[in-house]
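The values are calculated or read from the model by the stated rules, or taken from the named source; none is laboratory data. Source: prediction; values computed, not measured. Neighbour counts run over all protein chains shown; Cβ positions are idealised from the backbone, glycine included. When the accessible area is computed, the model is the full protein with side chains, heavy atoms only, and any ligands, DNA or RNA have been set aside. Shrake-Rupley method; radii C 1.70, N 1.55, O 1.52, S 1.80 Å.
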Amino acid sequence: MTVSLVAFLVLIAAFAIGCFTRINAGLLALVAAFGVGTLIGGLSLDDVMAGFPTELLLILVGATLLFGIVKQTGTIDLLAYWAERLANGHRILVAVLMFLLTALLASAGAFTPAAIAIVAPVALALGARFGISTLAMGLVVIQGANAGAFSPVNPFGALANVMLDKAGASDGTLKLYVYCFLFNAVLAVIAYVGVQALVRRRATQAGGRSESRSESRSDLPASGAPQGGVGGGAAGGVLTEPARTETLPQKVDVTPMRLLSLVSLGALLVLTTVFGLDVGVASIALAVVLIVVNPDVQQRTIDTMPWSAILLVTGIVTYVGMLESVGALEHLQGGIESLGSGSIAALITSYVVGLISAFASTTGTLGVISPVVVPIAADPTLSALGVVTAISISSSVVDTSPMSTSGALLMASAKPEEERLFFRSLLLWAIGMIGVIPLLAWLAFVKLGIG
């Protein structure tokens, strides 16, 4: 058994253990990088340490620290309040604004799971009040997070931009973000319209069956008739339309700290995209400004930072660096190149990342696949931006899977009695995404060369 094969099997084992247990796959990968690299690959400790992503760690810590402070100050509650006021009782606007709120948070640098964890409870509660099914609103929230995920200041975007830079297409950063945003926006519309149409059809069929039973058993009292559609009570659920209620939104005041937090998010985008300042440095600098103004947020924010996700990403990327050092990635690249067509290689890679991401971390998957994508993207017959865009979309669109972090967070925001149906619904949607989206993204951005 070759060193490359052993190294890949260990990585797969780390992903599998991380998926089916509570053990962090990145932590396993970090330890395995030293074990496999030194004992089997013949590397020194310094060689393995050279693969540790110091710059990426700075980005992850800085962005999550800043975003955590924004959450602690109640700025997210303020944005949700503004969204509800803007909706002004219009159902469709509630979904649009929840999409935009999640996209805004992700665009400003929040991990997509973090953005979903904060917006989902608010969005599902608003959905219940405005008669939107849990599944429809949940899919809108996840697509909103994915829409903003490839911003230059988001960890997803940072990983994708590394691929662009190495493929010689560093000027495509903004286009990558725009294309991913628009693609996910269209997908959110399809998800919302499709699920709500299914809900209405099920409600109509249930109403017809209820009416038929009432006619055949006219001796039953009116209270014996089923209520609330298929699979749920009057309160609604995953595939039922909740009874709409009219209550006034709870007011959230604009405070100086919340206003300063909003300004800091805008400043982050300007400093990084206009002035080219490092994302990690800019995030930490702005976070320190907020801490100086309000020191009370410091400890609470540090305690709630997603250290598990940070360990996951840095551990996986360190292991990938070891794979590169022992030549394992060259073997994988050779296998893909043997297909004889860069275009077909891009399609197969899109399906591979989609399948892996459905059961594991998208950030970890992007870190693993990056060295394989770069040679494909650098093919002069293809658009480097198109290849990276297709693979980026394919890796993130399956985050609706209940076995991924984002899908699991969405399930955690739903009602306990809806758990089994919600799990099946999200899983079926993710399977559909794996089957269809890589092909569509490949056709649009690789074959047609959009961008």
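Can you give me the distance in nm between label points at residue 171 and residue 2, each placed 7 Å from the Cα along the Cα-to-Cβ direction?
Going from the residue 171 label point to the residue 2 one covers 3.8 nm.
For 415, 447, 175, give me the order by solvent-accessible area with a 1.4 Å probe, most accessible first, ignoring ligands, DNA and RNA. Present the calculation step by step, with values, prior to reporting the outcome.
Details: 415 75, 447 120, 175 100 Å².
From most accessible down to least: 447, 175, 415.
Given points 7 Å out from each Cα along the Cα-Cβ axis, report the residue 254 to residue 49 separation in nanometres with one decimal.
Going by the 7 Å Cα→Cβ label model, 5.1 nm.
Size of the dipole of the chain about the Cα centre, Lys and Arg at +1 and Asp and Glu at -1 on the beta carbon, nothing else charged, in debye to 20? Write out the running numbers ahead of the final one.
Numbers: 21 positive and 24 negative charges, 274 e Å.
That gives the chain a dipole magnitude of about 1320 debye.
Can you pull a Stokes-Einstein diffusion coefficient for the stretch 94-193 at 4 °C (1.567 mPa s), Rh from Kirkwood over Cα pairs, as a whole number of µm²/s?
For the chosen part, D equals 96 µm²/s.
For Cα pairs less than 8 Å apart in space and 6+ apart in sequence, what is the mean separation divided by the residue count of the chain, i.e. the relative contact order in percent?
On the way: 712 pairs, mean separation 105.3, N = 451.
23 percent.
Give the accessible area for residue 347 in Å² (nearest 10); use a 1.4 Å probe, count only protein heavy atoms, and leave out ligands, DNA and RNA.
Answer for residue 347: close to 30 Å² accessible.
Using +1 at the C-beta of Lys and Arg and -1 at the C-beta of Asp and Glu, which of 159, 93, 115 has the Cα lying farthest in the positive direction of the dipole of the stretch 83-188?
Sorting the options by dipole projection puts first 93.
Ordering 319, 351 from largest to smallest accessible area (1.4 angstrom probe), what's the sequence?
I get 351, 319, largest accessible area first.
Let me have the 222 nm mean residue ellipticity of the chain computed from DSSP H runs of 4+ only, each contributing -39500 (n - 2.57), with the sum over all residues rounded to the nearest 500. All intermediate terms of the calculation are to be shown ahead of the outcome.
Details: 20 runs with 324 residues, N = 451.
Estimated from H runs of four or more residues: -24000 deg cm²/dmol.
Post the alpha-carbon centroid distance, the stretch 88-103 to the stretch 1-61, in whole angstrom.
If you average the Cα positions of each part, the centres end up 41 Å apart.
Can you tell me the length gained on complete extension of the stretch residue 263 to residue 292, counting 0.36 nm per residue apart and subtracting the Cα distance?
Full extension of this stretch gives 8.9 nm more.
Pairs of Cα atoms under 8 Å, at least six residues apart: use those to get the relative contact order of the stretch 1-127, whole percent.
Computed value for the stretch 1-127: 15 percent relative contact order.
For the charge dipole of the chain, defined by +1 on Lys and Arg C-beta atoms and -1 on Asp and Glu C-beta atoms about the Cα centroid, which residue among 280, 302, 139 has the Cα displaced farthest towards the positive pole?
After comparing all options, I get 139.
Give me the accessible area per residue for the chain, probe 1.4 Å, as a whole number in Å².
So the chain comes to 43 Å² accessible per residue, rounded to a whole number.
Mind checking the dipole of the stretch 1-118: about its Cα centre, +1 per Lys or Arg Cβ, -1 per Asp or Glu Cβ, Debye to the nearest 20?
With only Lys, Arg, Asp and Glu charged at Cβ, the dipole is about 440 debye.
Calculated from the structure, Rg/Rh (Cα atoms, Kirkwood Rh) equals which of (i) 0.96; (ii) 0.98; (iii) 1.01?
Computing Rg/Rh (Cα atoms, Kirkwood Rh) and matching it to (i) 0.96; (ii) 0.98; (iii) 1.01 gives (iii).
Could you compute the FRET efficiency for residue 341 and residue 182, with r as their C-beta to C-beta distance and R0 at 30 Å, rounded to 0.05? The partial results should precede the final answer.
Values: r = 27 Å, r/R0 = 0.91.
After rounding to 0.05, the efficiency reads 0.65.
Multiply the residue separation of residue 17 and residue 91 by 0.36 nm, subtract the distance between their alpha-carbon atoms, and state the gained length in nm to one decimal.
22.4 nm
How many angstrom lie between the Cα centre of the stretch 170-185 and the Cα centre of the stretch 374-451?
15
Express the carbon and sulfur contribution to the solvent-accessible surface of the stretch 82-194 as a percent, rounded to the nearest whole number, probe 1.4 angstrom.
On the stretch 82-194, the fraction of accessible area on carbon and sulfur atoms equals 72 percent.
In what order, largest first, do 348, 316 sit by accessible area if the probe radius is 1.4 Å?
So the residues, ranked largest to smallest area, are 348, 316.
Ratio of Rg to Rh for the stretch 340-451, alpha carbon only, Kirkwood?
Result for the stretch 340-451 is an Rg/Rh of 1.06.
What is the distance, in nm, between label points placed 7 Å from the Cα along the Cα-to-Cβ direction at residue 417 and at residue 200?
Going from the residue 417 label point to the residue 200 one covers 2.6 nm.
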